Ligand SMILES: Cc1cc2nc3c(=O)[nH]c(=O)nc-3n(C[C@H](O)[C@H](O)[C@H](O)COP(=O)(O)O)c2cc1C
């Protein structure tokens with residue numbers, strides 16, 4: 001099985017973040033075919049156009065992680081029915097300078113945990129809208145909304161295993177390791193979709 005390097009952006013930055021714990025649960029679960037890495041996005045300064053051509057080292061480091069990854073996993077909490085500003089800030093950094101977005105054609109997946117009953121539904125769907133604009137290939141199904149951080153019980157493990165199996169299939173399809181499927185995809189002219197900036 002091909003292994004993919006997944007750069008994970010976690011939108012929770014507090015020391016007790018549910019979503020940071022959720023990330024750890026995923027790493028511990030160790031789904032087949034993935035290597036995970038994350039980054040403390042709270043260390044990034046606020047995006048400013050004044051900084052983008054000669055960004056601070058931490059931004060360059062962040063961008064290099066995006067560049068060298070095979071796919072991106074977004075783990076988001078829900079803030080006021082959307083995703084947190086700190087995550088948007090990280091996404092904005094990766095999208096600039098104009099015409100040089102690092103998100104373009106990247107394979108991605110979105111997941112999240114909140115204590116509330118809707119389990120990040122609002123956050124994930126706002127985030128998907130942004131990622132669609134950035135021309136990312138984002139896993140559509142299964143959608144997963146957690147209202148706990150546990151990957152410890154059997155049901156949660158089964159849901160996550162299914163989720164990562166689907167993410168792996170999407171990576172195979174778009175990264176071209178599964179050549180027959182990738183050719184099929186390309187024959188539909190989908191590899192040249194323009195970056196809508
Ligand atoms: C500013 C703010 C807004 C919030 N809005 C929502 C919300 O709209 N829906 C929800 O389910 N939880 C909401 N919450 C609760 C968070 O989802 C909860 O604090 C969660 O644990 C945050 O994720 P984290 O622990 O990974 O930082 C909000 C929390 C904060 C601080």
Conditions (1) within 11 Å of the ligand (Cβ to nearest atom); (2) buried (at least 19 other Cβ atoms within 10 Å of the Cβ) -> residue 134 fails only (1)
Take region 1-57 and flag every residue that is in contact (Cβ under 8 Å) with a residue 24 or more places away in the chain, more than 16 Å from the ligand (Cβ to nearest atom), surrounded by fewer than 17 Cβ atoms within 10 Å (Cβ to Cβ) and farther than 27 Å from residue 170 by Cβ.
46, 49, 52, 53
Among 78, 68, the single one that is surrounded by fewer than 20 Cβ atoms within 10 Å (Cβ to Cβ) and in contact (Cβ under 8 Å) with a residue 40 or more places away in the chain is 68
Check 89, 80 and return the single one that is on the phi > 0 side of the Ramachandran plot, within 16 Å of the ligand (Cβ to nearest atom) and out of contact with any helix residue (DSSP H, G or I) (no Cβ under 7 Å at 6 or more places or on another chain).
80
Does any residue in region 106-125 that is over 11 Å from residue 148 (Cα atoms) come within less than 7 Å, Cβ to Cβ, of a residue that is in a helix (DSSP H, G or I) and within 12 Å of the ligand (Cβ to nearest atom) six or more places away or on a different chain, and which pairs are these?
110/124
Checklist (1) within 16 Å of the ligand (Cβ to nearest atom); (2) in contact with a strand residue (DSSP E or B) (Cβ under 7 Å, 6 or more places away or on another chain); (3) modelled with pLDDT of 95 or more; (4) within 19 Å of residue 25 (Cβ to Cβ) applied to residue 139, failing item:
(1)
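The values are calculated or read from the model by the stated rules, or taken from the named source; none is laboratory data. Everything numeric in this text was worked out from a predicted model, so none of it was measured. A quick note on method: Cβ atoms are made from the backbone with ideal geometry, for glycine too, and the neighbour counts reach across all protein chains shown.
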